[in-house]
Amino acid sequence: MKNKKIIIGTRGSKLALWQAEWVKSELEKLYPGIEVELNKIKTTGDKILDVPLAKVGGKGLFVKEIEEAILRGEADIAVHSMKDVPTEFPDGLHLAVICEREDPRDAFIAGRKTAAGNSKFMDLKKGAVVGTSSLRRSCQLLNIRPDLKIEQLRGNLDTRIRKLDEGQFDAIILAAAGIKRLGWADRITEILPPDASLPAIGQGAVGIECKSGDEEINRMIAPLNHPETAICVRAERAFLKKLEGGCQVPIAAYARLKNRKGGMPDETSQAIVIEGLVGNLDGDVIIKESIEGSPEMAESLGLALAEKLLSRGAKKILDEVYARDYGKGTPKIDGEIAS
C-alpha cells in the first residue's frame, strides 16, 4: 500500500462530519495503520444563508470548493451527500463509490406544542406554517394540503430543529437519513411515504469522489461501494440529467430493487422500479410516472422515465419554474443543507 495517509475533504456541518468520520472509520478497518485526516471546507452553500437556494444558482453549491481542493492536492477524496452532487464532474474527477443507503424518505417533525395533538402531517391545523428549503417537498405537500403556509427553512440540521423549537414553525420536513444518523430519530413524528413525498435524487446515500486517474485511491475506496445502492442512485441521476434539472427545481425520483414474482433473491431474478415526478411551484400540477425493468438497464430506464414525463408536459412545467427566476444551471439535486 503506497498511500499511508488519506485526506478526506468534507463540509463542516454535523451531518457532513458524521459521514466523513464514518468513511474514515471504514478505511481504518480495511487498512490498519493508515492515517486518515479530515479537511473541513466551507462551501458556497454553507456561506449563503439568507437567500433561498433556488435563487442562488451556480454549479454544485455544496461540492465545488471540495472538488477544487482535490484538484489542488489538498484532499484525496471527497465525501458528499449524494443529493448534493451534480450530474457532471470537473475534468479529472469522478464518482467512484456510492455507499449503502440509509432511509431515503422524508421525515415530518412537529413542533413540541403542535405534536401534542397534531403529530401527523394530515393532522396539522388549517394554515399551519411548515418549514422546508426544498421546492420538491413544498410542491408535493401543497398538492395534498394547499391550505398550508410553506416558509423557507435554512441552516444545518441542529439549526433547523432549534428554529422549530423556538416556535418559528408548526412543523418542519427533513430527510430521515440525516436525523437518524445524528441520533435524533426520537424527534421524528412521522415518516412520509414516497407516495406523499417522493424523495430527492440520491437522498440517504453517501458518495465518494476522487481523481479518476488515481488508481491507488480508487482501489482503496472500492470496497465501500454498495452495488444495490449504486444501481438505484445511478438510475435516479440518469433521470435527473435527462430532465436537465436546474438548481433546486421540483424534481424527485426514487429507485428500488425488488425480487420478481416467483424468483429467487439473486441478481437475475431482481427488477428495478423507478418512480419519478415533476411538479409546479404551487403544487397544483404534478406529473408522476414509474418504470420497471432489469437492473442492468438501470440508467437507460432512468432516461426512459424522464422521456415519459417530458411527453406528458414536464418540459412546460420546468420552463415555467425557470421563468420565475429560479435559474437553469448544471443539475443540482435538492439543494438542502445537510438535511
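We did not get these values from a lab; they are worked out from the coordinates using the rules stated. Computed from a predicted structure; not experimentally measured. Counting neighbours? That spans all protein chains shown, and the Cβs are built from the backbone with ideal geometry, glycine included.
Kindly state, to the nearest 0.05, the FRET efficiency for residue 226 paired with residue 91, given R0 = 30 Å and r defined as their beta-carbon distance. Using R0 = 30 Å, I get an efficiency of 0.65. With Rh defined as the Kirkwood radius, the inverse of the mean 1/r over Cα pairs, the Rg/Rh of the stretch 231-326 is 1.06.
Counting every other Cβ atom within 10 Å of each residue's Cβ, 186, 123 order from fewest to most as 186, 123.
Remark: the stretch 231-326 carries a charge dipole of roughly 160 debye about the Cα centre, counting +1 on each Lys and Arg Cβ and -1 on each Asp and Glu Cβ.
Computed over the Cα atoms of the stretch 106-192, the ratio of the radius of gyration to the Kirkwood radius (Rg/Rh) comes to 0.92.
Positive contributions from Lys and Arg (+1) and negative ones from Asp and Glu (-1), summed over other residues with Cβ under 11 Å from the Cβ of residue 256, come out at -2. By the rule of a C-alpha distance below 16 Å, with chain neighbours fewer than 8 residues away ignored, the aspartates and glutamates paired with residue 211 are 65, 67, 68, 74, 76, 88, 91. Taking other C-beta atoms within 10 angstrom as a stand-in for reagent exposure, 77, 317, 201 fall in the order 317, 77, 201, fewest first.
Under the shape rule built on the C-alpha gyration tensor, where the axes satisfy a ≥ b ≥ c, the stretch 147-227 is prolate, since a/c reaches at least 1.5 and a/b is greater than b/c.
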